[in-house]
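Every read-out reported here was derived from the displayed coordinates using simple, explicitly stated rules and does not represent laboratory data. Treat the numbers as computed from the prediction; the structure is a model and nothing was measured. Neighbour counts are summed over all protein chains in view; Cβ atoms, including those assigned to glycine, are modelled from backbone coordinates with ideal geometry.
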Amino acid sequence: MNYEIQMKSLIHRVTAWAALFLSLVYFSACVASADQRVKLVVNSHIISATVANTFAQRQKGLMNRRHLAADEGMLFVFPKADNHAMWMKNTLIPLDVAFIDQNGVIINIEEMAPLSLDQHSAQKPAKYALEMNAGWFFRNEAKTGNHVQGLDEINKNR
């Protein structure tokens, strides 16, 4: 009889821990999927950018999106500055990417074709990458050496 009580108690504890674990996993998934947005300014042009600051968010990027508004983009925030590279796997819309250093200065801008597995790399260590519709940087006269304003808001929230 004592054994039966101990087993029921153990089953109760295991069930409680399993429920807690599943709740935490569910909550984490909900939080991770919530779109954090930031207002950036490049060459006096305002951008509304979705922030990708987790590995999963950076990995997914803009995959499977069919449309991106004119002044909308995605800001990839990397854990540390490095010669990061981007590709367009499962990305349906043509994009340009600006690699940005930790001071907010554009290092280089690359054109990226939809569905391409070609690597597009930062020419110097980059802390950020900003993806925009193809031609956005050219149309708005944004160039290497320009400063991206608003990145300090991201660093405050991390």
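Tabulated data
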read-out: Cα pair count fraction exceeding 22 Å, expressed as % - the range 37-156; value: 22 percent
read-out: Local electrostatic count, A85, Cβ distance below 10 Å [Lys/Arg +1, Asp/Glu -1]; value: -3
read-out: Filtered GluC sites (Glu not before Pro), the range 69-151: DSSP coil and at most 13 other beta carbons within 10 Å; value: E141
read-out: Restricting the range 69-156 to chymotrypsin sites (Phe, Trp or Tyr not before Pro) in coil, as DSSP defines it, with at most 12 other Cβ within 10 Å; value: none
read-out: Links that overshoot a 24 Å alpha carbon limit, given the list K39/K60; K60/K80; K89/K143; value: K89/K143
